[in-house]
Amino acid sequence: MSSNSFAYNEQSGGGEATELGQEATSTISPSGAFGLFSSDMKKNEDLKQMLESNKDSAKLDAMKRIVGMIAKGKNASELFPAVVKNVASKNIEIKKLVYVYLVRYAEEQQDLALLSISTFQRALKDPNQLIRASALRVLSSIRVPIIVPIMMLAIKEASADLSPYVRKNAAHAIQKLYSLDPEQKEMLIEIIEKLLKDKSTLVAGSVVMAFEEVCPDRIDLIHKNYRKLCNLLVDVEEWGQVVIIHMLTRYARTQFVSPWKEVVMAVAQLYWHIAPKSEAGIISKSLVRLLRSNREVQYIVLQNIATMSIQRKGMFEPYLKSFYVRSTDPTMIKILKLEILTNLANEANISTLLREFQTYVKSQDKQFAAATIQTIGRCATSITEVSDTCLNGLVCLLSNRDEIVVAESVVVIKKLLQMQPIQHGEIIKHMAKLLDSITVPVARASILWLIGENCERVPKIAPDVLRKTAKSFTSEDDLVKLQILNLGAKLYLTNSKQTKLLTQYILNLGKYDQNYDIRDRTRFIRQLIVPNEKSGALSKYAKKIFLAQKPAPVLESPFKDRDHFQLGTLSHTLNTKAAGYLELSNWPEVAPDPSVRNVEVIELAKEWTPAGKAKKENPDEKFYSESEEEEDSSESSSDSESASGSESGEDEEEDHSGDSGEDSGESGSESEAGKGRAAKHAKARGKGDSKDVDKEKENSKTSESSSGESSSIEESSSDSESESESESESESRKITKEKEKKAKQDRNPLTKDVSLLDLDDFNPVSSPVVLPTPALSPSLIADLEGLNLSATSSVISVSTPVFVPGKTHVLLHRMSGKGLAAHYFFPRQPCIFGDQMVSVQITLNNTTDQKIENIHIGGKKLPMGMQMHVFNPIESLEPAGSITVSVGIDFCDSTQTASFQLCTKDDCFSVNIQPPIGELLLPVAMSEKDFKKEQGMLSGMNETSTTIIAAPQNFASSVILQKVVNVANVGVVPSGQDNVHRFAAKTVHSGSLMLVTVELKEGSTAQLIINTEKTVIGSVLLRELKPVLSQG
């Protein structure tokens, strides 16, 4: 291909581009036949011919090249007539590319686009969701007011589409239609209100953007969707997250007062006092975020951070710069930030902090500057590596023009020199010279004390200092006078020859001073250092008393001992016990009896049992007709579908009873007289119990455990293939009654940990794992009193595994583990360590002839969000011994590897566990009716399928069952068709349904269909099942 895009030919006036379909610019001919802006008539002729070809391959190739031109920024608008002719192409790939082109140029070529509007309308009914969405995008890109009614109708239909991708594009089209015709606002608001209720994360961001564009003042539309949007926010794409956060921020500013500062502080102190050290760090980010609040909130938060940072520096070290002082901060905030910076100082960051402190010293706020000098002194004492640097810096400050800075520096230097006086004689001499210029009493007193303590090291300077201060004694501050008296006493004891008369002169001045403290000190010193007849025995020890080695001062944080007060309380703020403060008790050495928190559910169950109130009625008479019961099951199944994130039927019932007063256990036809009808039905049911008592006794033999219960339900559901739906419901009702009666008779300890909502009365199919739930409030009990205890409902719950493969995986080879070998396998049982964890059993073998001690799991390197519950350390494993332990891993519905260290007393070995995709599932028991309903809701983008080719013998029912359950932990769904096999499961972490269908076709082919919201997991499972089902 020529490197030049243009071909120049003076004779023809223009040349054709060397590459077919490439744009060319014609040149100006000498005769001027072509103008400067005339186009080449032959440009893109080859593409037009290819688009008019009868071969789909040529059309597809042309469309790819045209889209490529658009991607490079080249103009392809002249091809619009040729492209729009192919909008009705039956080839799906061509149609997709045509719509991509039309979306780009429909607004520019509106007249031509209008000619194909009927085609776009037909495409809105296309089975392919991408075509439906693309047609809507093209339709909304035609900016012609005449088609507004058509656009409105299309948006309404698309907003109810099964595919979330189409609904997302409907939200985008709302904004375009509103900009074209603002008078349609009210009708568009209705559609927005409908789409705001959508639970798909794909739709959330787009509909909120439409809300912001069309009706941002209609806050009332957000009220009912506020919590849902908050929950979806984590999973929405980045663009949608930004839009939703902006909207929620506006909403919060109109709906909440002082947003959550008190709550954040309360949660922070809870974590500090109760949480393990490893978890306490999560509060640091929230507290730092509160520093953007007003100064009152900052003051309280900084006080709590100052207390925390003393014990756990690591919590706030990543946010060091957040505590830098700003010029606009009030003094109280500045000093608290200084306190925190001092607590966080270490060898790594001290150089940065000292540079920051140098700036603070120059502040016009004198109190803050003085506090900074004290901070430098504390850093010098806590970090010995910078002691000399800090001391030299403070000495430099002695020449500062600001007297307060000099005075504070003197005081801090005095404390530092007290710790190591021998090394700094020159500094003491320098400070003695400053005595003439310094007037601040504290600083003068500090210099005099320092010279007095080191008078033997500066024998020439000390007497001269005493001489100068004797002249100004009467005008000095009381604090300075006391230090002059002390200096005179020390010099009298060490150098009485030079200072005896001078000291006596000072003592005489002090004898008649106006302050009685000065007079008392004078008399005391005179009797102690000048012996006479009245002197006591202490005069012998005068030198030891005055010149004793003084302990070095300890520069501590004023917040050091505040942690015994509860954070966030008034007592902690004031550092003194306030009235009404309740002290935190110490941790008990032995944990109290945990059974006090158990809820006794048996007695409550008795109160609900309506059997004792039963009236004498015809036992054959039913309260509900068969049609009503069918409505009941269908409505309850729809309830279960609408309850997001529910793990089982119990969760669904709890949600509905708390939110709307409706329950999946009640009849869907319940109206205003619902309570009376429910009570009447309960009485009729009590009478009906006697009729089925024989059958209940027979069934009770096979329902001793939860696994037995689920298996009996599976049998009844499989038998229902040849029976009517009403007979299936009747059988289910008998099982329900049997469980209710068993709950009254068998009072085993397990029932004590089960809340009322977990009773079998409400759910005939229960999960094998029983989870404790909190005690019920009176209002919730009142809501539950109207429940229909015997009504059946369509329930989707976890069942026992159909098959547990015995395949094990090598975790640690005996050669790599120095004799310790480890294998793991997946038992396909609910994990005892957590609902969202996958149970993994690890078998450890000692292949050496020596005992292996302290086998445990060491460091863990887990991807973000993944969690792992380890086994308890094994003290020792005998030679040739073997032991099996259980761990729980939350893989977050992904096949990411869990990496950790398997350690012994002497070694640590890095090992990995990567789960097969089929082990991230839990089998689910459900009816064929529920399966079809859920499958209908999971169509479109949530469905993946493939064709399988295999020998006819491989498509036998038993063979398909064995192959599928060997790959994935799924439950078998009863099927009324011999050629359709259905399997159901849910993901362990999120509880999303995974529906697998194997539909046998004519010949030796079958279609494998997987429906799930987790499309990635569904695609991986499809790839694993296809070769297994295809092979012989």
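The values are calculated or read from the model by the stated rules, or taken from the named source; none is laboratory data. All values derive from a computational prediction rather than experimental measurement. All Cβ positions, even for glycine, are placed from backbone atoms using ideal geometry, and neighbour counts span all protein chains on display. In case anyone asks, the SASA skips ligands and DNA or RNA and just uses the protein heavy atoms, side chains included. Shrake-Rupley method; radii C 1.70, N 1.55, O 1.52, S 1.80 Å.
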Search region 236-251 for residues being among the β-branched types (V, I, T) and open to solvent by 20 Å² or more (accessible area, probe 1.4 Å), and hand back the single one that is modelled with the highest pLDDT.
I245
Can you tell me which residue is farthest from L555 (Cα to Cα) among those in region 319-355 that are charged (D, E, K, R) and in a helix (DSSP H, G or I)?
K321
Being outside any helix (DSSP H, G or I) and modelled with pLDDT under 90 is the filter here; which residues of region 955-979 pass it?
A956, P974, S975, G976, Q977, D978, N979
Quick check on region 442-456. Is at least one of its residues out of contact with any Phe, Trp or Tyr (no Cβ under 7 Å at 6 or more places or on another chain), open to solvent by 10 Å² or more (accessible area, probe 1.4 Å) and over 22 Å from L485 (Cβ atoms)?
no
Search result, residues across region 326-365 that are of a type in the set (A, V, I, L, M, F, W, C), under 20 Å from G393 (Cα atoms) and open to solvent by 40 Å² or more (accessible area, probe 1.4 Å)
A348
Where a residue in region 369-386 is under 13 Å from K334 (Cβ atoms) and its partner, wherever it lies, is of a type in the set (D, E), with Cβ under 6 Å and at least six apart:
A370/E408
Determine whether E600 is at pLDDT 70 or above, in a loop (DSSP other than H, G, I, E, B) and farther than 19 Å from I300 by Cβ.
no
Wholly within region 112-207, helices (runs of 4 or more DSSP H) carrying at least 3 residues that are under 22 Å from C230 (Cα atoms)
164-180, 185-196
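Conditions tested, residue by residue: (1) in a helix (DSSP H, G or I); (2) under 26 Å from the mean Cα position of the chain (by Cα).
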residue	(1), (2)
Q850	no, no
P863	no, yes
M868	no, yes
C892	no, yes
G918	yes, no
Among the residues of region 82-99, count how many are of a type in the set (A, V, I, L, M), surrounded by fewer than 17 Cβ atoms within 10 Å (Cβ to Cβ) and within 45 Å of the chain's Cα centre (by Cα).
1
Selection count, region 278-312, where residues are open to solvent by 20 Å² or more (accessible area, probe 1.4 Å) and more than 24 Å from the chain's Cα centre (by Cα)
9
Unique match (being among the polar types (S, T, N, Q), open to solvent by less than 30 Å² (accessible area, probe 1.4 Å) and closer than 29 Å to V840 by Cβ) among N872, N969:
N969
Of everything in region 831-869, what is open to solvent by less than 50 Å² (accessible area, probe 1.4 Å) and of a type in the set (V, I, T)? Give them in sequence order.
V838, V840, I842, T843, T848, I852, I855, I857
Counted residues in region 812-849 being hydrophobic (A, V, I, L, M, F, W, C) and touching a Leu at 6+ places or on another chain (Cβ under 7 Å) come to 7
Being without any contact (Cβ under 8 Å) to a residue 24 or more places away in the chain, open to solvent by 80 Å² or more (accessible area, probe 1.4 Å), assigned to a helix (DSSP H, G or I) and hydrophobic (A, V, I, L, M, F, W, C) is the requirement here; does L501 meet it?
yes
Looking only at residues in region 802-830 that are touching a strand residue (DSSP E or B) at 6+ places or on another chain (Cβ under 6 Å) and of a type in the set (S, T, Y), which one is least open to solvent (accessible area, probe 1.4 Å)?
Y824
Within the set of pairs 6+ apart or on separate chains, which have a first residue in region 76-92 that is under 15 Å from Q109 (Cα atoms), a second that is among the basic types (K, R) and open to solvent by 10 Å² or more (accessible area, probe 1.4 Å), and C-beta atoms under 8 Å apart?
E78/K43; L79/K48; A82/K48; V87/K95
When restricted to L1008, L961, the only residue open to solvent by 40 Å² or more (accessible area, probe 1.4 Å), under 23 Å from S799 (Cβ atoms), over 32 Å from the mean Cα position of the chain (by Cα) and not basic (K, R) is L961
Any residue that is part of a helix (DSSP H, G or I), among the small types (G, A, S) and either modelled with pLDDT of 85 or more or loosely packed, with under 13 Cβ neighbours inside 10 Å (or both) - is there at least one of those in region 508-521?
yes
If L479 satisfies all but one of (1) open to solvent by less than 80 Å² (accessible area, probe 1.4 Å); (2) over 30 Å from E339 (Cα atoms); (3) of a type in the set (A, V, I, L, M, F, W, C); (4) in contact with a helix residue (DSSP H, G or I) (Cβ under 9 Å, 6 or more places away or on another chain), what's the number of the condition it fails?
(2)
Of residues in region 991-1005 being of a type in the set (S, T, Y) and farther than 14 Å from L921 by Cα, the one least open to solvent (accessible area, probe 1.4 Å):
T997
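Just for helices (runs of 4 or more DSSP H) wholly inside region 381-484: which have at least 1 residues that are among the basic types (K, R)? Give the steps one after another, and end with the answer.
Values: elements: 387-397, 403-419, 425-433, 441-453, 461-471.
Fully inside region 381-484 and qualifying: 403-419, 425-433, 441-453, 461-471.
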Starting from residues that are of a type outside the set (S, T, Y) and in a strand (DSSP E or B), keep the ones in region 992-1005 and report whichever is nearest to I796 (Cα to Cα).
L993
From the set of residues in region 143-184 that are among the basic types (K, R) and within 19 Å of L195 (Cα to Cα), which is surrounded by the fewest Cβ atoms within 10 Å (Cβ to Cβ)?
K156
Conditions first: (1) outside any strand (DSSP E or B); (2) open to solvent by 40 Å² or more (accessible area, probe 1.4 Å). G936 passes all but one, so which condition is the exception?
(2)
G68 vs. criteria outside any helix (DSSP H, G or I) and surrounded by fewer than 16 Cβ atoms within 10 Å (Cβ to Cβ):
no
